[in-house]
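Just below is one structure, and these are the notes that go with it.
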Amino acid sequence: MSSDPKRCRYCDYPPEGDTLCNPTDPNACEPCKRLFEIEAEVKEIRMTLVDKERERQKLKSQVNEQHDKLGHRLPPEIAGKIFELCIPGNLFDLGYYSRPSRSTFCSPLIISAVSTRWRDLSYSTPRLWNILPLYSGP
């Protein structure tokens, strides 16, 4: 095998502008042809995986919606009130030097991430969003 960068690293065949043979060329080496085939298969598998991930996410949302007892049984006003009870009393009472946990700051965001129904309920509950402190730090 040649170390010349203008030749195929597998068969020493002079390719056109690359370090591998042109896989459509009848003189291309078997490793180059097989590599081309494998790369095409990998691309197809990746596309399938993306499709399956999308389908999985849709199904997870449907499962959450189907099994959401709070969102389907309670009127929105009562569900919103329950959500409000999940938020710490008054974030301004935390004090200047106290360092609350990240979950203290993210409560409305966590609630809204449970399901589409909970997101709609939390977004339509203004008191959850009166104060939205930002957490920074480790």
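In this structure, is Thr24 farther than 30 Å from Ala113 by Cβ, hydroxyl-bearing (Ser, Thr, Tyr) and without any contact (Cβ under 8 Å) to a residue 40 or more places away in the chain?
So Thr24 fits the description; yes.
If you go through segment 125-133 one residue at a time, do you hit one that is surrounded by 10 or more Cβ atoms within 10 Å (Cβ to Cβ), farther than 21 Å from Ser61 by Cα and modelled with pLDDT of 85 or more?
Among the residues of segment 125-133, at least one is surrounded by 10 or more Cβ atoms within 10 Å (Cβ to Cβ), farther than 21 Å from Ser61 by Cα and modelled with pLDDT of 85 or more, which makes the answer yes.
Can you work out which of the residues in segment 29-74 that are at pLDDT 80 or above and part of a loop (DSSP other than H, G, I, E, B) is farthest from the chain's Cα centre (by Cα)?
The selected residue is Cys29.
The values are calculated or read from the model by the stated rules, or taken from the named source; none is laboratory data. Since we're looking at a predicted model, the values are computed, not measured. Quick reminder, even Gly has a Cβ in these numbers, built from the backbone with ideal geometry, and neighbours come from all protein chains shown.
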